[in-house]
Every structure is written in structure tokens, then in C-alpha cells.
1. Answer yes or no as to whether ASP216 is of a type outside the set (S, T, N, Q), under 30 Å from the mean Cα position of the chain (by Cα) and surrounded by fewer than 20 Cβ atoms within 10 Å (Cβ to Cβ).
2. More than 27 Å from THR422 (Cα to Cα), in contact with a Lys or Arg (Cβ under 8 Å, 6 or more places away or on another chain) and modelled with pLDDT under 95, is that true of ALA383?
3. Applying the selection to region 91-113, what residues are surrounded by fewer than 18 Cβ atoms within 10 Å (Cβ to Cβ) and closer than 11 Å to ILE134 by Cα?
4. Looking only at region 312-349, which residues are closer than 23 Å to ILE196 by Cβ and of a type outside the set (A, V, I, L, M)?
5. Take the residues in region 235-244 that are farther than 17 Å from ASP282 by Cβ and free of Cβ contacts under 8 Å to residues at least 60 places away in the same chain, then tell me which one is surrounded by the most Cβ atoms within 10 Å (Cβ to Cβ).
6. Out of curiosity, is ALA426 among the small types (Gly, Ala, Ser) and more than 30 Å from VAL470 (Cα to Cα)?
7. So GLY507 ticks every box in (1) out of contact with any Ser or Thr (no Cβ under 9 Å at 6 or more places or on another chain); (2) at pLDDT below 95 but one. Which box is left unticked?
8. For region 32-126, list the strands (runs of 3 or more DSSP E) that sit wholly inside it and hold at least 3 residues that are farther than 30 Å from THR407 by Cβ; which are they?
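The values are calculated or read from the model by the stated rules, or taken from the named source; none is laboratory data. All of these numbers come straight from a predicted model, not from anything done at the bench. Virtual Cβ from ideal backbone geometry, glycine too; neighbours counted across all protein chains shown.
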Amino acid sequence: MRFFLFYILFSCSLFAQTDYPKDYFSPPLAIPMQLSGNFGELRPNHFHAGFDLKTMQREGLSVYAVADGYVSRIKISTFGNGKTVYIAHPNGYTSVYGHLQKATDLIEAYIKNTHYKEQSFEIEMFLKPNEMPIKKGQLIALSGNTGASEGPHLHFEFRDTRTENIINPMLFGFDKKVKDTKKPTISGLYVYPLDIKTTVNQSKRPLMINLSLQKDGSYLADKVVANGKIGFGITTFDYDDVSFNKNGVYKVQSFFNGTPNFGYQFDTYSFEDMRYINALIDYSKYKKTQQRVQKLFMKTPYGLKFIVTDENYGVATILPNLSSLYRIEVSDFYGNTVLVSVPVQYDLLPAIIEPEPLVSNYFIKANKDSNFAKENMSVFFPAGTFYDDFNLNFDVKNDTLYLHDDTVPAHTNFTITIDDSTYTEAQREKIFIGRIEGNKTNYNSTYRKENSFITKAKILGKYALVQDTVAPKISVTKPIEGKWLTNVNTIQLTISDELSGIKSYNGFLNGKWILFEYDNKTKKIIHNFSDGIVSEGANDLKVVVTDNVGNSTIFEAHFFRSQKK
């Protein structure tokens, strides 16, 4: 881990800056830039890797290459960024364009050829520099809503080509494309007692602290009366002048008695840093309330590389006979800054609010391997699975593993093993370890070793063996059996599976494999007749859908189509 003392950093620079080219790249869209999401914004299990650019709430806008280069990678996925094109540029950076509806011209032809060559909708291609050169301003795609997008927009990002580190597009001069004169907003301030001896305002639980807006636009917090080790957290967001979306802030810096003690700014980070968002935020509070409180301390040090902290990792120790001042500065990329001042006083007032009662029977040391077993079920946590030590609730009842709950984040996989010799060999083929969430069962990829079922997981909760003998469903919105489909451009089917989920689907037209594109939001698969596989006159369609334990459903239909319109 890279943690540095602030007094050393202050002699040079708190956050080192790279001299990024400011006028090299042009915008990827021809419309004025508006953000619905910015770099570093807090998202589920990750920091946002770029800009989400508004596309006027519709698909099909022209997407242009931001500089000369070559298409270095193309990825087509049902989730994540959906259809994505990567362009490597000669100055060492790569631009990324995601959630595309489709690519254009030679790029789209290359993609379509690969679909048919690999007989798969989900594909990933890595190209050499001389295969597909691109000029600045060249039309490369149409914007869309593919993958995990929650509405039409263009996901756009920059990466260091060599390291794959993600870089804030603002650093390349894109700050000139958006006007922002507004200070960030502090919507909540929280204080945390960090050991069992500490009380804060007579509470041994985290508390929200009232804030008063001052004439100069800063905030003054109510006095914090504490003893021992405490930490602070904030909820914060930022508006610009044109987008009117709540976006993330750029920089947070805290000071204790005038000395910087915890800070970070969103310039660049690696994909390895992404999941550390669950250590930065109060994860338990987020799971209970969907509110992301950014903790300005580390109870246990973790490896988020862009955090800079003092030797106490942002923890403030409140001592007798001293009045202290804690200060927070929150800034956007344009330097608009909001200040929060928190007076802190030592006092040994007795606790009125006791710690939350613990329902647990084991204790986890985050830096050590842990193994727990009961009856036929066991779980192994490698060292480093969790960020902090905690009291674990572990039990087995009614053939169900109760593994705490999802208010404690796991950073890496842990292993669950369930032994069961009561099933026949045929039954075992249809069994997986599922995470039970209310009435919903979540599939976990499961392998067998003799009588043991084993899975890797990253979420605490309830687990059990689940048998799936029900095949996937295939339905068609409009009947096509025996119909003439001359006046339609596509065939659309809906596919679904109730338990283990769909593993694969394949379509065949007159015995030839055909491309069906899958939209995970609507569960539709769509074949476009423009692929040129359909025959003049009679056609036979066959679609095979298989779930994750091998149950399959076959849909067959006979239809007619004339190419002569």
C-alpha cells in the first residue's frame, strides 16, 4: 500500500499531476456536451470509469473518433458497456465508446463477420495497428442503449494504452466543453466512534451531525463532544450549470487541527481499485438505506492507491484539555469548493446510546485465513477477503447456510462447500449452490468433486443447494408459423429462465447458424434479415436455449419470405 505522510507531501504536491494533452482530442458527439454521469462517480461495486454523455434521450446519434488512431479492441457483451469500440491513439492513450447501438461501415462488417465466424453474440476482438486505421472525426458508430445502460447515452472514457489505467476526461481539456460555476453540495455529515471505549455526543453508534449554512457559503457543524478515536464521513454530490444531474465530486480533503489527514481526487485509477469503493463508503449504511457515505478515515488500512493519508489513516484521537477543529474541503474539477468546519471537544460524558447488539457467534480477523464448518456445510475466507475485522454470524439450519448478511462487503472471492450424497447422479447434474434473497434465487457457478458441491462467492447471505429441472421459456410476440414475413425486417423472440439462468442460445435458419442479438433489459433476441441468411420462399427456423445446468428448450417454426418487395 502506498500511504504517505502529509508533511512530506506538502513540501512538494499533495496530488501529483501528469501533463495531459489539452487540445488533442475532439468531442465524440456533434451535440453540446451534457453529462448524466462523471468520472469517479460512486456506483455499485465500482467507481465510474468515464463520462456518461447525454444523447437527447434517444439512440442513433453519430459517434465520432476523437483523434487519429486504430481500432484496437471491440467487445460485444450483454451486460457492462454492451457494444464497445476501443481506439488506440499514437500519443499513448485509448478512447472507449460504450453502449453503442451499432458500429458503422468497415467496423460493423468486421463485427458481423466475427459473430458468424465464432457463432456467438458475445465476442471480443483485439486488432493490430495496421488492421483498421481511423481518422479524427471519422464516423465510427451510432449511440445506443446496450449492455447495462439504464437509458440511451454514450459511455466515453480514456485509458492509458500501456497500463489500462482509466483517466478523467476533464484532464484532456474536456472541462472547456461544460460550464460549472456551482459549488458541490454537502448533504450529510457523520461521525463514527471507532472503538468500544469511545463515545460521541453520548453515543457509541455513528451519528449524523447538523450543519448550519454560513453567510460565506461554508457550513458550520454542531459541536462534537467525544473521547478517544473518531472518524468522519460525508454524503456529497455536484451539479454543473447545464446537465442538472447529481454527479460525483472531484476532490475531498480533510484537516485535523490544520493538518491534512485524509484526501483523494479522481484523476486516474486502475481496475484493481474499483471494488475498494466498498471500503471507502459506509457499506452497511448503503445496503440498508441506499445512501453512500464516504468515510474520511480507514479503520483498517486498505489499498486504494489514490487516497493520501497521514500516519493515523484519517482517524482523529480526541484528548483531554484540548479543543480541536476538523475541517473538510470538497471541490469539483473547476475549483468550486465548499467548506465544513466541525468543532470538537473532549468530554467523558456517559453513553446514552449503546452499541448495536451483535448477533454473531464467530470473530473474523481480516488479515488471516478463516474456515468455518457445521454439519455438511463449510466456508473458507482467505486472508484479505474483508476490509475490517468483524463479528460473523454463521449457522446451518434446515439445509440452508446462514452466512451473516450483505451488510459486510467482501473484496475477494470466498469458497462455499456443501456435501450431499443423497442425490442420484442424474439429479446432481441439475443442482447448483444458490444465494437465497427473499423469493429470489441467484445462480452461482458450481462444480462438483465426488459428493461435494463447491462455489466461489463474493456476497454474504443465505446459501443452499438448488435443483433446477425446469427448462427455459421461449415465446414469440407475433405468431410466425406459416406466415409470410416479407414486410418485416426482423424475427424477435423472448427467452427467460426462472432459476439457474440462461447459459446459451443459438438460432438456425435452414440449418445455418444465424445471429440473434440479445437485449438483457427486455429479454428479447432479435435476428435481422439483412444478414442475408434468409431464403426466398420457405424457411425453417430453429432456436435452442440452454440454462446453466443443461436444461434446454427448442423452438421451431416454418415461415415464408420474399426478398422481392
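1. No, not satisfied.
2. So ALA383 fails the test.
3. Within region 91-113, just LEU106 meets the criteria.
4. Correct list: ASN312, TYR313, GLY314, THR317, PRO320, SER324, TYR326, GLN345, TYR346, ASP347.
5. TYR239
6. Judged against the criteria, ALA426 is not a match.
7. So GLY507 meets the others, but not (2).
8. Output list reads 51-54, 62-64, 69-76, 83-88, 93-98, 100-103, 123-126.
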